[in-house]
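A quick write-up on the structure given underneath.
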Amino acid sequence: MTTELKTKRLLLRQWQDSDLEPLAKINADPDVMAYYPSVQNAEQSTAMAHYFRDLIAQQGWGFWAVERLSDAQFIGFIGLNSPQYKLPVTPCVEIGWRLARTAWGQGYATEGAKAALNYAFDVLKLEQVYSFTSVANKRSRAVMERLAMHNENCNFEHPIIAKGHSLREHVLYKISNPALK
């Protein structure tokens, strides 16, 4: 069963065809994608959304589409994922987000990520959740810190970013399930 998460201002839900065009705009925005090796074209963006949709359909959770409740507008994605590439903490579940630039600075990433963490700990009963980003990505690192995640001081070379690329070095953050302490 597909899970939806609702917060005071957001609905984290399964993907819809109507999300594809606004997601493509988000993924093509150089500011949004500043800490990724490149922007995505519409075909890449659609493939990513279908992958997220299929994972949610299979396991009930993943990177959910995010809809603002006040106007039902799609603003990006927030959620949980099990990376399929080797990390210093593989296997693991990560938390992540990508929001439209117009949704930045309003606390949406933190609000939605808190709901996803609650789901990870209360429903999935995970022991910990990780997050990682390019060392230079101060905005995402600030969200991680607002979530009470801790820098593991274990920087690593991201395996799917080309060697020598300025964004390859990543920081690793972790939060442990408070119920298991």
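The values are calculated or read from the model by the stated rules, or taken from the named source; none is laboratory data. Everything numeric here is computed off the predicted structure, so don't read it as measured data. Ideal geometry is used to build each Cβ from the backbone, glycine not excepted, and the neighbour counts take in all protein chains shown. Side chains are part of the model used for accessible areas, which takes the heavy atoms of the whole protein and leaves out ligands, DNA and RNA. Shrake-Rupley method; radii C 1.70, N 1.55, O 1.52, S 1.80 Å.
Here is how the numbers come out for the structure above:
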read-out: Breaking point among (1) part of a strand (DSSP E or B); (2) without any contact (Cβ under 8 Å) to a residue 40 or more places away in the chain, for Pro83; value: (1)
read-out: Qualifying residue in segment 170-179 (condition: over 18 Å from Gly107 (Cα atoms) and assigned to a helix (DSSP H, G or I)); value: yes
read-out: Which listed residue, of Asp54, Asp31, Asp71, Asp19, is over 15 Å from the mean Cα position of the chain (by Cα), buried (at least 16 other Cβ atoms within 10 Å of the Cβ) and among the acidic types (Asp, Glu); value: Asp19
read-out: Matching residues, segment 141-160, being among the aliphatic types (A, V, I, L, M), open to solvent by 20 Å² or more (accessible area, probe 1.4 Å) and touching a strand residue (DSSP E or B) at 6+ places or on another chain (Cβ under 8 Å); value: Ala148
read-out: Sole residue being surrounded by fewer than 17 Cβ atoms within 10 Å (Cβ to Cβ) and closer than 26 Å to Lys8 by Cα, chosen from Lys114, Lys163, Lys138, Lys174; value: Lys138
read-out: Number of the condition not met by Phe121 [criteria: (1) open to solvent by 20 Å² or more (accessible area, probe 1.4 Å); (2) aromatic (Phe, Trp, Tyr); (3) not in a strand (DSSP E or B)]; value: (1)
read-out: Filtered residues of segment 124-135 (kept if open to solvent by 20 Å² or more (accessible area, probe 1.4 Å) and more than 12 Å from the chain's Cα centre (by Cα)); value: Leu124, Lys125, Leu126, Glu127, Gln128, Val135
read-out: Selection count where residues are under 16 Å from Val66 (Cα atoms) and β-branched (Val, Ile, Thr), scope segment 101-158; value: 2
read-out: Subset of segment 58-68 [more than 11 Å from the chain's Cα centre (by Cα) and farther than 12 Å from Gln16 by Cα]; value: Gln58, Gln59, Gly60, Trp61, Arg68
read-out: Residue in segment 22-36 that is in contact with a Ser or Thr (Cβ under 8 Å, 6 or more places away or on another chain), of a type in the set (A, V, I, L, M, F, W, C) and either in a strand (DSSP E or B) or at pLDDT below 95 (or both) present; value: no
read-out: Among (1) among the small types (Gly, Ala, Ser); (2) surrounded by fewer than 19 Cβ atoms within 10 Å (Cβ to Cβ); (3) touching a helix residue (DSSP H, G or I) at 6+ places or on another chain (Cβ under 6 Å) - the single one Gly107 does not satisfy; value: (3)
